[in-house]
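Since the structure comes first, as structure tokens, the remarks are kept for the end.
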């Protein structure tokens, strides 16, 4: 850096230091202690001031330039917040303000409507209350340096100094902003039981191989399981007559691998005609059925078997007090397999 530039920076730095010191000295010189200034006023205007030493202790003011006693006292009051009362033409009292009266109106920041029932708390005191039907509030003997806390459900809380709410000709209006809270995403992983999933198109998909236990159901019967879903029930308590969204049984479309089924129940409707152990997926549409299904006025129940060829022979059988069933899958060639299933009720002698 050139020497002349360095000299210039040093000179500028020293100038700033000395100018700051001069300003500080001027500020201190222009301020005087209130106690000494009151003594000067007593001698100049032949008056007497009565006050408590603690009220004006360590209080400094800038000397007013006015020559009128009343104007000087007004300037002192505005600068220090000390109340000055005139007892007579000669005697005055000075009182430091410790409490004030406050009031205000609480409004909605969006439409500026009154907010009744908002809680108003005064910190550093025991004062508290709620706004009236007009959204207004008022308190007496509030500490002058206290903090006012205003809150209401659905709005952001407000903190404001009590001095700003001091009573005047008109109470101050306070606008509260609406409080918005973003909730975390809720993911339902198990709807009623396992094996049920609600898709984005409002349809419900069932996986019989993953069915859990439902009240009153001892096996994964498809037509019994769907009655546990909202909006689906049977008015005669059978599995063959299912009512979807209040519609009748003949307004439902029941498909088995795309084939329309007309007979859905056995044994007076106590058991369904579909073996759940060979059903891979069931799709239930209660609202907004696609036009591709055509006949589903109330709802559509579409059942699908597996479309994968088995590698080995698999099968199973079971029975209960009402019915028995058997199923099997037999591979024949690389591109061919045989799937069989049967279900029958147990005759009652």
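The values are calculated or read from the model by the stated rules, or taken from the named source; none is laboratory data. Predicted model only: the values in this text are computed from it and were never measured. Please note: Cβ atoms are built from the backbone with ideal geometry, for glycine as well, and neighbour counts cover all protein chains shown.
Selection of segment 210-232 for residues being modelled with pLDDT of 75 or more, out of contact with any strand residue (DSSP E or B) (no Cβ under 6 Å at 6 or more places or on another chain) and surrounded by fewer than 17 Cβ atoms within 10 Å (Cβ to Cβ) yields 210, 230, 231.
Listed here are the residues, each with its yes/no results for (1) modelled with pLDDT of 80 or more; (2) farther than 30 Å from residue 84 by Cα; (3) in a strand (DSSP E or B).
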site: 1; (1), (2), (3): no, yes, no
site: 9; (1), (2), (3): no, yes, no
site: 12; (1), (2), (3): no, yes, no
site: 19; (1), (2), (3): no, yes, no
site: 27; (1), (2), (3): no, no, no
site: 39; (1), (2), (3): yes, no, no
site: 44; (1), (2), (3): yes, no, no
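Within segment 83-100, can one find any residue that is surrounded by 14 or more Cβ atoms within 10 Å (Cβ to Cβ), without any contact (Cβ under 8 Å) to a residue 12 or more places away in the chain and on the phi < 0 side of the Ramachandran plot? Yes, that holds for at least one residue. A single entry from 325, 334 fulfils the requirement of being crowded, with 18+ Cβ neighbours inside 10 Å and not assigned by TED's automatic domain parsing to the domain that holds residue 205: 325. Can you tell me which residue within segment 155-166, out of those that are in a strand (DSSP E or B) and modelled with pLDDT of 90 or more, is surrounded by the fewest Cβ atoms within 10 Å (Cβ to Cβ)? Ranking the qualifying residues of segment 155-166, first place goes to 159. Condition test on residue 236, is it out of contact with any strand residue (DSSP E or B) (no Cβ under 8 Å at 6 or more places or on another chain) and either closer than 27 Å to residue 324 by Cβ or in the same structural domain as residue 283 (by TED's automatic domain parsing) (or both)? The answer is yes for residue 236. Within this structure, residue 114 passes the test of being without any contact (Cβ under 8 Å) to a residue 40 or more places away in the chain and either closer than 11 Å to residue 175 by Cα or touching a strand residue (DSSP E or B) at 6+ places or on another chain (Cβ under 6 Å) (or both). Apart from one condition, residue 340 fits all of (1) within 30 Å of residue 286 (Cβ to Cβ); (2) outside any loop (DSSP other than H, G, I, E, B); the exception is (1). I'm trying to understand the selection: among the residues of segment 290-326, which are without any contact (Cβ under 8 Å) to a residue 60 or more places away in the chain, under 16 Å from residue 255 (Cα atoms) and not in a loop (DSSP other than H, G, I, E, B)? 291, 292, 293, 300, 302, 304, 305, listed by residue number.
Restricting attention to segment 239-267, the residues being in a loop (DSSP other than H, G, I, E, B) and either touching a strand residue (DSSP E or B) at 6+ places or on another chain (Cβ under 9 Å) or under 26 Å from residue 307 (Cβ atoms) (or both) number 13. Against the conditions (1) free of Cβ contacts under 8 Å to residues at least 60 places away in the same chain; (2) in the same structural domain as residue 230 (by TED's automatic domain parsing), residue 282 satisfies every one except (1). You will find that of 248, 279, the residue that is surrounded by 13 or more Cβ atoms within 10 Å (Cβ to Cβ), over 16 Å from residue 222 (Cα atoms) and under 44 Å from the mean Cα position of the chain (by Cα) is 248 and no other. What are the residues in segment 58-100 that are over 21 Å from residue 163 (Cβ atoms) and assigned to a loop (DSSP other than H, G, I, E, B), if any? Result: 63, 64, 65, 66, 67, 68, 87, 88, 89, 90.
So that you can scan it fast, the table gives a plain yes or no per residue for (1) in the same structural domain as residue 81 (by TED's automatic domain parsing); (2) at pLDDT 90 or above; (3) surrounded by 15 or more Cβ atoms within 10 Å (Cβ to Cβ); (4) part of a strand (DSSP E or B):
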{"residue": "104", "(1), (2), (3), (4)": "no, yes, yes, yes"}
{"residue": "107", "(1), (2), (3), (4)": "no, yes, yes, yes"}
{"residue": "117", "(1), (2), (3), (4)": "no, yes, no, no"}
{"residue": "129", "(1), (2), (3), (4)": "no, yes, no, yes"}
{"residue": "137", "(1), (2), (3), (4)": "no, yes, yes, yes"}
{"residue": "141", "(1), (2), (3), (4)": "no, no, no, yes"}
{"residue": "153", "(1), (2), (3), (4)": "no, yes, no, no"}
{"residue": "168", "(1), (2), (3), (4)": "no, no, no, no"}
